[in-house]
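Novice: One structure, as structure tokens, below. Some questions next.
The values are calculated or read from the model by the stated rules, or taken from the named source; none is laboratory data. This one's a predicted model, so the numbers in the text were calculated from it and none came from an experiment. Note that each Cβ is placed from the backbone with ideal geometry, even for glycine, and that neighbours are counted across all protein chains shown.
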Amino acid sequence: MLPLLLILPQLLVSLLFFFWPAAQAIYQSAYIPDPFGLKTQFVGWENFEFLFGDRYYLESFKTTAIFSILVTVLSMSIALWLAVMADRIIKGSGVYRTLLVWPYAVAPAVAGILWLFMFSPGIGLITWYLDQIGVDWNHSLNSGQATGLVVVASAWGRISYNFLFFLAGLQAVPRSVIEAAAIDGARYWRRFWTIVFPLLSPTTFFLLVVNVVYAFFETFGVIHMITAGGPQQATTTLVYKVYADGFVGQDLGSSAAQSVVLLLVVGLLTIIQFKFIERRVHY
Amino acid sequence: MGTVFGTGSGMVEKRGKALWLTHVCMIIAIAFICFPIYLAFVASSVQQSELVKPPMPLLPGSHLFENYKEALFTGINAPVWKMLMNSMIMGMGIAIGKIIISLLSAFAIVYFRFPFRGVFFWLIFLTLMLPVEVRIVPTYEVVANFGMLNSYSGLILPLVASATATFLFRQFYMTVPDELAEAARIDGARPMRFFFDILLPMSRTNIAALFVILFIYGWNQYLWPLLITTDPEMNTIVMGIKQMIPSGDDLRNWPVIMATALLAMLPPVLVVVVMQNLFIKGLVDTEK
């Protein structure tokens with residue numbers, strides 16, 4: 001009895017708020033509610049067929065992919081560069097670490113408002129400077145600018161996290177390996193790319209997966225704050241579309257079908273993540 | 001060759017100019033990263049009239065206290081102190097709730113053999129694949145049916161079950177030597193005595209590190225509170241900022257909005273900076 005009692009709270013919450021809703025999503029994805037919401041009609045795969053015939057939905061796949069790649073590459077490369085520098089500086093690296101660690105705690109949505117403020121048409125400081133050099137900035141009209149701003153704001157909030165992992169990875173590289181290379185006369189950057197970077201690859205792979213997951217889900221706040229998915233759905237990611245169709249558009253059948261697709265995507269990502277973690281354990 | 005035979009960590013690096021350059025790069029990079037926050041701070045210390053005529057000032061103005069007072073006690077839809085309190089309850093509720101239920105369930109999974117143990121383990125494991133963003137509409141319906149819209153339990157409960165915390169504690173319990181459990185058994189200690197007297201004190205560091213991470217996770221939630229708190233008095237601060245921005249062309253009260261943004265990041269930033277070492281250790285250990 002005791003073990004069941006111990007596991008019960010977690011099980012209960014999981015069943016009520018995880019499995020029941022997930023089952024509902026799968027169930028609802030095969031139905032369309034009538035316009036009055038009084039009854040629903042079974043439609044089989046129709047919601048999915050409609051979904052994959054929807055140009056905007058296919059676009060949102062592409063947007064999500066581009067968005068994830070840009071955020072991941074941008075934040076990881078800046079973080080790696082910072083971590084390499086911090087690793088070279090022995091004295092004072094604690095101070096730099098403190099100065100770089102705190103943006104971790106800034107919510108994505110708050111990062112969104114900070115960047116929105118700098119780039120806001122009419123009053124933003126950067127907008128004004130851009131205007132001085134002849135660049136017309138208005139992310140609520142220009143979809144390229146909108147994507148750029150959302151990517152930069154999302155990547156900005158992610159630098160700390162990646163920095164901490166890269167720094168931990170770098171500090172775990174045995175000094176003796178580097179010293180051996182130095183005695184052989186290898187120069188710093190050559191040493192870095194041929195010895196240190198390959199040794200970092202477990203950290204790098206780990207961060208790749210985690211950052212893609214982050215770009216998928218956690219950036220909702222940034223997008224909602226800065227662009228609300230616009231202009232013309234240019235910054236509508238998969239998650240944003242579930243929200244927009246389900247809550248703003250009240251298209252429950254489609255939103256449920258999208259949830260099911262997302263479920264499969266997350267499942268895949270989770271498997272990759274675990275396969276990878278499993279492998280790490282055996283290293 | 002002189003550098004190679006130097007002392008300590010300086011052995012490999014060329015000292016001097018290269019290091020100096022590294023410091024300069026680092027400081028410039030940090031300045032860039034901190035700039036958005038600095039600008040927000042400046043904006044929260046001036047008057048609206050100074051902002052609407054670009055370019056905005058680059059040095060703090062004299063209306064700091066006024067703006068923060070307005071934000072905290074008047075706000076735009078709801079006073080910010082109320083939203084801060086809501087966020088605090090949500091962050092603490094999620095962190096404490098998650099830690100308690102996963103401490104218990106991991107204890108059951110590691111130390112007991114009971115029917116369906118494997119099934120339960122997989123059920124918990126599967127929740128990893130169901131982030132709230134994936135199941136928003138049906139979860140919203142469940143919460144609405146329970147009458148938990150605009151309530152703290154509605155904010156907290158759906159985010160409380162977490163396989164990650166359970167896995168962390170499971171991992172940790174498995175490193176605890178079996179002899180300890182056996183010794184306790186010989187001494188006639190009941191399972192819960194063993195849990196409270198031995199396991200719990202040993203998990204202290206893990207619990208603290210996890211608390212920091214989970215508190216920030218809870219505090220920074222956006223989508224969920226956006227859906228279920230329609231009453232401005234129940235808004236959390238992070239999602240409440242969005243509600244302060246009028247749609248359309250109405251004038252945005254930027255000084256108050258920016259003051260709110262800074263207030264929204266203050267508690268989690270403080271937690272991270274103060275508990276830095278514990279937090280970094282926890283983060284790098286848990287997520288790897």
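Novice: Filter region B:256-269 for residues that are more than 8 Å from chain A (Cβ to nearest Cβ) and either without any contact (Cβ under 8 Å) to a residue 12 or more places away in the chain or within 12 Å of the chain's Cα centre (by Cα) (or both) and give the result.
Specialist: If the condition is that a residue be more than 8 Å from chain A (Cβ to nearest Cβ) and either without any contact (Cβ under 8 Å) to a residue 12 or more places away in the chain or within 12 Å of the chain's Cα centre (by Cα) (or both), then B:266, B:267 are the ones that fit.
Per-residue answers, yes or no, for (1) at the interface with another protein chain (Cβ under 10 Å from one of its Cβ atoms); (2) within 27 Å of the chain's Cα centre (by Cα); (3) buried (at least 21 other Cβ atoms within 10 Å of the Cβ):
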position	(1), (2), (3)
B:163	yes, yes, yes
B:176	no, no, no
B:179	no, no, no
B:190	yes, no, no
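Novice: Say we look at region B:192-210 and pick out the residues that are within 17 Å of residue B:278 (Cβ to Cβ) and more than 22 Å from the chain's Cα centre (by Cα); which of these is surrounded by the fewest Cβ atoms within 10 Å (Cβ to Cβ)?
Specialist: Ranking the candidates gives B:201 first.
Novice: Which of the residues spanning region B:133-176 are assigned to a helix (DSSP H, G or I) and aromatic (Phe, Trp, Tyr)?
Specialist: If the condition is that a residue be assigned to a helix (DSSP H, G or I) and aromatic (Phe, Trp, Tyr), then B:140, B:152, B:167, B:169, B:172, B:173 are the ones that fit.
Novice: Taking residue B:206 as meeting all but one of (1) free of Cβ contacts under 8 Å to residues at least 24 places away in the same chain; (2) part of a helix (DSSP H, G or I), write down the number of the exception.
Specialist: If we test residue B:206 against (1) free of Cβ contacts under 8 Å to residues at least 24 places away in the same chain; (2) part of a helix (DSSP H, G or I), just (1) comes out false.
Novice: Separate question: Just to check your reading of the model, which residue among A:98, A:147 is assigned to a helix (DSSP H, G or I), over 28 Å from residue B:53 (Cβ atoms) and over 23 Å from the mean Cα position of the chain (by Cα)?
Specialist: Going through A:98, A:147 in turn, the sole match is A:98.
Novice: Out of curiosity, is residue B:71 touching a helix residue (DSSP H, G or I) at 6+ places or on another chain (Cβ under 9 Å) and either closer than 13 Å to residue B:236 by Cα or at pLDDT 90 or above (or both)?
Specialist: When the stated conditions are applied, residue B:71 does not pass them.
Novice: From the list A:79, A:83, A:107, which one is at the interface with another protein chain (Cβ under 8 Å from one of its Cβ atoms) and either surrounded by 20 or more Cβ atoms within 10 Å (Cβ to Cβ) or touching a His at 6+ places or on another chain (Cβ under 6 Å) (or both)?
Specialist: Matching residue, one of A:79, A:83, A:107: A:107.
Novice: Tally up the residues in region B:1-17 that are surrounded by fewer than 12 Cβ atoms within 10 Å (Cβ to Cβ) and either within 7 Å of chain A (Cβ to nearest Cβ) or modelled with pLDDT of 75 or more (or both), please.
Specialist: Result for region B:1-17: 1.
Novice: Would you call residue A:186 surrounded by 14 or more Cβ atoms within 10 Å (Cβ to Cβ), in a helix (DSSP H, G or I) and not basic (Lys, Arg)?
Specialist: no
Novice: Quick one: in region B:110-156, which of the residues that are touching a residue at least 24 places away in the same chain (Cβ under 8 Å), touching a helix residue (DSSP H, G or I) at 6+ places or on another chain (Cβ under 7 Å) and among the hydroxyl-bearing types (Ser, Thr, Tyr) is farthest from the other protein chains (Cβ to nearest Cβ)?
Specialist: B:152
Novice: Something else: Could you check region A:195-283 for helices (runs of 4 or more DSSP H) lying wholly inside it with 2 or more residues that are crowded, with 16+ Cβ neighbours inside 10 Å and in contact with a Leu (Cβ under 6 Å, 6 or more places away or on another chain)?
Specialist: So the answer is A:220-226, A:252-282.
Novice: Here's something else I'd like to know. In region B:103-153, which residue that is in contact with a Phe, Trp or Tyr (Cβ under 7 Å, 6 or more places away or on another chain) and within 20 Å of residue A:216 (Cβ to Cβ) is modelled with the highest pLDDT?
Specialist: Result: B:139.
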